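Here is the structure we will look at.
The values are calculated or read from the model by the stated rules, or taken from the named source; none is laboratory data. Because the structure is predicted, anything quoted here is derived from the model rather than measured. Every residue, glycine among them, receives a Cβ derived from its backbone with ideal geometry; neighbour counts consider all protein chains shown. Accessible surface areas use protein heavy atoms only, side chains included; no ligands, DNA or RNA. Shrake-Rupley method; radii C 1.70, N 1.55, O 1.52, S 1.80 Å.
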Amino acid sequence: MEMKSPLGGLVAVATLPATLARGGARVTRRAVGDLAEASVNAMLESPRTEQIVDTVLASPLMERTLSRALEGQLVEALSRDVVRYAVLERVAEAILEGDALEAVLDRAGAADVPRRVTERMLADGVVERTVTRVLEGPELERALTAALESPGMERLVIRVMESRLLDEAVERLLDSEELWLLVREIAYSPEVTDALSHQGVGFADQVAGSVRARSRRADAWLERVARRALRRKPAGELPPGPPVGPA
Amino acid sequence: MSTPARDRGDLVAARQAHAVNARVHAGTLTEATAPVYEGLVTRGIAFAIDSAVINLVALVVSVSVGLALSVLDPSANAETLALAVGAFAYAVWSVGYFVVFWSTTGQTPGDRLLQIRVCRASDGNVLRPRKSLLRFGAMMLCALPLFAGFLPILVDNRRRGPHDRLAGSVVVSAPVEPRPGRA
């Protein structure tokens with residue numbers, strides 16, 4: 001039978017307040033946490049919250065905030081960092097390699113999220129305002145320029161060019177009747193035939209012009225030789241002749 | 001053979017004719033330019049092109065007629081007659097080719113390609129048919145002594161050969177005006 005020592009009892013009595021204090025703090029934290037969670041849930045479920053969000057979205061404040069953000073250096077900084085750290089590539093690879101994307105899409109589809117989000121944004125005019133602002137501002141152009149000049153875009157283009165998908169697309173295009181019909185229409189169009197005939201006439205004119213120039217040089221040389229052989233004066237200014245117009 | 005006095009007379013006549021032309025057709029004639037007389041090589045190339053055209057047409061016609069005759073199987077006399085007719089037709093075709101072109105446009109196809117023109121030395125108009133025929137005959141005579149008859153072109157001030165002097169013609173440059181572009 002185990003004997004309890006008097007010293008052990010004393011220690012237990014001495015640590016009792018501390019043990020009680022820790023237990024009380026744990027209970028308090030749990031109660032505060034539960035209360036906060038309940039408050040957040042109540043706030044999110046409240047129709048008032050929805051009204052507040054709607055009001056904020058519809059207010060000019062939202063538009064000004066968006067404009068300020070786009071006008072500042074934020075877009076450039078974001079674009080640079082996105083390009084520098086290859087964020088798009090990494091995110092795309094991570095999403096495509098895992099099952100998270102499919103799971104998220106399934107859940108969102110099941111909850112009818114896309115339709116609700118779309119309807120809300122369309123109803124509030126957020127889409128129109130955002131698209132107008134982005135298209136009219138210089139930010140889109142700067143972001144596109146940065147993206148197009150990035151090595152990541154170059155690698156992406158190279159991968160697309162080397163992929164089998166492009167080869168198959170080209171093969172299908174070449175096999176299609178519509179393409180050759182289009183080519184035939186273009187080839188027999190009056191504009192193209194006119195251009196080709198002018199090109200042919202231009203080439204013939206060029207050859208004839210070259211022959212004319214060479215023959216006239218040969219004429220001049222032959223005459224110099226003949227006049228020298230016959231000890232005649234070189235041909236000076238030729239006498240005026242009949243009026244001659246173009247052929 | 002012409003003399004310097006005759007040349008001066010030609011010049012005076014040419015200027016008078018041009019002045020009359022300008023008065024009569026004021027605003028309708030293209031502005032006259034100083035003529036450039038064409039030399040032996042340029043004219044020789046033009047003549048070679050014309051000869052090729054004449055012989056090509058003659059070859060096509062003779063081959064066609066020969067094929068037709070081979071089917072009909074004519075007698076020896078008929079063949080001789082066909083040859084004589086063919087030779088006459090060839091001569092007429094050759095003479096007619098030059099005479100008609102010189103008398104109508106002043107340019108054979110070869111001349112057109114080389115942008116040269118045969119015209120009267122006096123007023124720049126096209127030759128009359130009789131003068132064209134005379135020029136052609138004289139040209140054949142010049143060609144007989146291994147084309148030596150054309151050598152005076154090299155030393156004449158207006159690059160005229162004996163056939164030109166006989167027919168009163170000169171060969172001048174006739175550049176084609178560029179066509180206006182499409183709108």
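Numerical summary
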{"item": "Yes/no for residue B:132 being more than 14 Å from chain A (Cβ to nearest Cβ), buried (at least 18 other Cβ atoms within 10 Å of the Cβ), out of contact with any strand residue (DSSP E or B) (no Cβ under 7 Å at 6 or more places or on another chain) and of a type in the set (Ser, Thr, Tyr)", "result": "yes"}
{"item": "Near pairs, Cβ below 8 angstrom, 6+ apart or cross-chain, from region B:144-164 (facing chain A (nearest Cβ under 9 Å) and farther than 21 Å from residue A:221 by Cα) to any residue that is aromatic (Phe, Trp, Tyr) and not in a loop (DSSP other than H, G, I, E, B)", "result": "none"}
{"item": "Region B:128-163, residues that are part of a helix (DSSP H, G or I) and within 15 Å of residue A:226 (Cα to Cα)", "result": "B:148, B:149, B:150, B:151, B:152, B:153, B:154"}
{"item": "One residue from B:112, B:117 being open to solvent by 70 Å² or more (accessible area, probe 1.4 Å), under 22 Å from residue A:208 (Cα atoms) and within 14 Å of another protein chain (Cβ to nearest Cβ)", "result": "B:112"}
{"item": "Answer residue from region A:174-223, given it is under 38 Å from the mean Cα position of the chain (by Cα) and of a type in the set (Ser, Thr, Tyr) and is farthest from the other protein chains (Cβ to nearest Cβ) among those", "result": "A:176"}
{"item": "Some residue of region B:72-92 being under 30 Å from residue B:154 (Cβ atoms), in a helix (DSSP H, G or I) and open to solvent by less than 40 Å² (accessible area, probe 1.4 Å)", "result": "no"}
{"item": "Conditions (1) assigned to a loop (DSSP other than H, G, I, E, B); (2) modelled with pLDDT of 95 or more; (3) of a type outside the set (Asp, Glu); number of the one not met by residue B:122", "result": "(2)"}
{"item": "From the options A:142, A:48, residue that is of a type outside the set (Val, Ile, Thr) and under 30 Å from residue A:160 (Cβ atoms)", "result": "A:142"}
{"item": "Any hit, region A:121-128, residues being modelled with pLDDT under 85, of a type in the set (Gly, Ala, Ser) and closer than 30 Å to residue A:51 by Cα", "result": "yes"}
{"item": "Region A:149-167 residues that are within 21 Å of residue A:79 (Cβ to Cβ), paired with ones that are open to solvent by less than 90 Å² (accessible area, probe 1.4 Å) and among the aliphatic types (A, V, I, L, M) (beta carbon under 7 Å, 6 or more apart)", "result": "A:150/A:83; A:152/A:83; A:152/A:86; A:153/A:147"}
{"item": "Boolean, residue A:115 is open to solvent by 60 Å² or more (accessible area, probe 1.4 Å) and touching a residue at least 12 places away in the same chain (Cβ under 8 Å)", "result": "no"}
{"item": "Unique residue being at pLDDT below 80, under 30 Å from residue A:134 (Cα atoms) and not aromatic (Phe, Trp, Tyr) when the list is A:53, A:113", "result": "A:113"}
